[in-house]
Amino acid sequence: MAVTETPPETVDAASATDASPTPSQPTGLAAVLGSGDHKVIGRLYIVTSLILGLVVVGLGEAFAIEGLKPETLQIFSNDSVFQLFTLARVGTIFLLALPLVIGISLVVVPLQVGSHTVAFPRAAAASYWGWLLGSGLLIASYAMNGGPYGGSSDGVNLWIASMGLLTVSVLVAGVSLATTVIALRPAGLFLSRTPLFAWSVLVAALMWILTLPVLFGLIVLMYIDHRHAGSIYVGSPTALYPSIEWLFRNPQIYVVAIPVLGFFGDVLQTVSGARMKLRGVAQAAIGAFGLLSFGAFLVAPSEAALDSYLVVAMGLLAVLPLLALAGSVADVFRAGSFKLRAGVLYAVAAFLILLLGVAAGALGSIPDLLDAPTKAGSVSDNIFFLGVSHAAVLAAVIAGLGGIHWWATKVGRQPANEGIGMLAPLVLLLGAALTVIPDLVAGIVGEGLELSADYRGGLTGTNGAVAVGIGLVALGVLLSIVSFIPLLKRSEDAPADPWDGLTLEWLAPTPPPLANFVDDLPVITSAEPLIDLREEK
Amino acid sequence: MATSAALALPPAAPPARPRVLLVGTALAVAGTLMAFAGLIGVYLAQRHAVLAQGGEWLPEGTKLPLTPGTIGMATMLLSGVTIWWAVDAVGRNFRQSAYLALGLTIMFGLAVINSTTFLYTQMDLAVGSKAGLLIYAVTGAHLAMIVAGLVFAAVMTFRTLGGEYHGRDREGLVAAALFWYATIAVYAVIWYAIYVTK
């Protein structure tokens, strides 16, 4: 008998050690407030961001309506128009697009990579509660006449602090998501085999980790300046918003929309039912788009920096990864079939709007093509870049809503309503196009973004289209929410895999239990393990 | 009944995967370095702009003695050696050495906080100037990073005392060391960009 350093154990003992105790599922309020379950945290992010997002969209609609007749319509007082404009812009990213994307990612990514949990579950929960507190404080800061251009010193301090809290919360969520993809994959699921959505979330999270800390450093500077140094630099209420404008223009704004690409690729490959031969190209395209969205170097921008070869090249090159991804995704239909699903409409709508924004961003990056900005040193005061920004944000929102629909049996208890789900992305696509294109046109013909006491953004004639567009976006969001109502209803026979999925998340029951999977995962030998399982049968 | 099945060895260990705490720490370190890259980048850009116009960067009467900063730099380097020693000692299961090394690291970190705050009392620099604002922001943020690194190292020390880390698993200590090395690297940049070049 061979002698070993560790005594041999019986099979029974080994099995007993192997079988970790099943954690009990908390119930009631504890299941929400004290949960470290990634699905619960993701759902909290989704619900809250949709509620706050509707407020932000409503604010945008009010600005568009005021733009119809700025001389006669007075929706916003002269004192508050500047502040609320910044709330609308900050809100689109930090109250709507980013938390919605984080929410769906927290639900789906651990399932996709076959993990029983998200990495650092308590940190992920803290990121939600921190984000929720930061969102509340952000709105409170505006309510007390704070924020950029605010008159209350305490309100301005609160705005800076809330921005810091929001940024850190997003970063913590990003670290949690990226670590999940890097370190919690089962054996055999190499990074090259990672589902495209999980891959795109990894790229997005890495870009958040590499760019948002620069914003946090700036926020530290703002706070010290405003609180202790007498507002001599970036802490002045009039300097706060111009200092963070780099967040809202290309290339940086694209970091919000990187997961759109993964969602697009994942959904279309799934409906095709085929293996993706050009997976490497698709992954490289998503990675390249992530790299080309690095805009933190514009933190202290100048006219020369904006016209530099680097910015121009990044703007122009950003279109190529989208085209490469579209090509590699189209290739799967040569081997597979096509089934029209609501998820496909969401994915295509989000991709088209992002492509519109990125193509416009490329155009806007060409020096002297647009009329000279009206404020020297400002990075996005031409309304053209408002259109680019809206395109990226709306693409992320459409993909986020599409993600809830597509992974409804993982987010909720049943599939979403497919009929309403077919209509919603079409309304969203039309609304997004009407929101974005008029601003691009206004920017090209030289109508700058005038933040005067009356809001005068865009062309008076085209602002009607923008008002209709934002209204349609709000309608599309509401339609999506209506289509999600079945997710709340219990069902004994809800399918685990309504789409004949290809990746591991479809092995989880509906709704997934605390540890995600009931049965052992199969041995993974390809990027499409469920095709392997079907072929074995 | 002693059957061959009953005497089977336990299942093979799962294949080595990247370690969660280490990966998370590496990502957090990357983010922290980017925050300092932004802060120090703004500092250098503003300083360059003032000097390019023929102005004086530091307000008149400001003293920025090099000695406390250099002592701080040397102390940070020493702490880098001691935390490496701690990781190595745990790897060899020399627990007494590990406790001593971790204690020394924490002591060196506290000494750097002391030297930086001493420098604040010496330099006679008001925060109400652009140079003062940026210097206090950069060095103050680094003090916060040192505190975070010390807390991380202290937690890992207590976990080591509790027997969690040993020769075959020292992930937590390696993660704490990684964060601490980043703290040292940032201090080196601050030392040169602010204390040496002034």
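For the reader, a short list of remarks on this structure follows.
- Against the criterion of being in contact with a Pro (Cβ under 8 Å, 6 or more places away or on another chain) and over 21 Å from residue A:216 (Cβ atoms), residue B:107 does not qualify.
- Residue within the range A:122-141 that is surrounded by 23 or more Cβ atoms within 10 Å (Cβ to Cβ), in a helix (DSSP H, G or I) and within 14 Å of chain B (Cβ to nearest Cβ) present: yes
- Extreme residue, farthest from the other protein chains (Cβ to nearest Cβ), among residues of the range B:36-48 that are closer than 15 Å to residue B:136 by Cα and crowded, with 19+ Cβ neighbours inside 10 Å: B:47
- Out of A:485, A:524, one residue alone is closer than 27 Å to residue A:35 by Cα and in contact (Cβ under 8 Å) with a residue 12 or more places away in the chain. It is A:485.
- Residue match in the range A:170-186 (condition: crowded, with 19+ Cβ neighbours inside 10 Å and under 19 Å from residue A:223 (Cβ atoms)): yes
- Of all the residues in the range B:121-149, those that are within 13 Å of chain A (Cβ to nearest Cβ) and free of Cβ contacts under 8 Å to residues at least 60 places away in the same chain number 9.
- Restricting the range A:92-121 to residues that are over 13 Å from the mean Cα position of the chain (by Cα) and part of a helix (DSSP H, G or I) leaves a set whose member that is farthest from residue A:199 (Cα to Cα) is A:121.
- Subset of the range B:36-76 [over 21 Å from the mean Cα position of the chain (by Cα) and among the hydroxyl-bearing types (Ser, Thr, Tyr)]: B:62
- Residue match in the range B:92-99 (condition: touching a residue at least 24 places away in the same chain (Cβ under 8 Å), surrounded by 21 or more Cβ atoms within 10 Å (Cβ to Cβ), closer than 21 Å to residue B:71 by Cβ and more than 14 Å from chain A (Cβ to nearest Cβ)): no
- Looking across A:161, A:119, A:97, one residue alone is surrounded by fewer than 24 Cβ atoms within 10 Å (Cβ to Cβ) and either in contact with a helix residue (DSSP H, G or I) (Cβ under 6 Å, 6 or more places away or on another chain) or among the aliphatic types (A, V, I, L, M) (or both). It is A:161.
- Any hit, the range A:213-234, residues being over 30 Å from residue A:105 (Cβ atoms), touching a residue at least 60 places away in the same chain (Cβ under 8 Å), within 12 Å of chain B (Cβ to nearest Cβ) and assigned to a loop (DSSP other than H, G, I, E, B): no
Throughout, read-outs are computed from the coordinates displayed, never taken from laboratory work. On a predicted model such as this, the values are computed, not experimentally measured, just so you know. Note: ideal-geometry Cβ built from the backbone for every residue, glycine included; neighbour counts use all protein chains shown.
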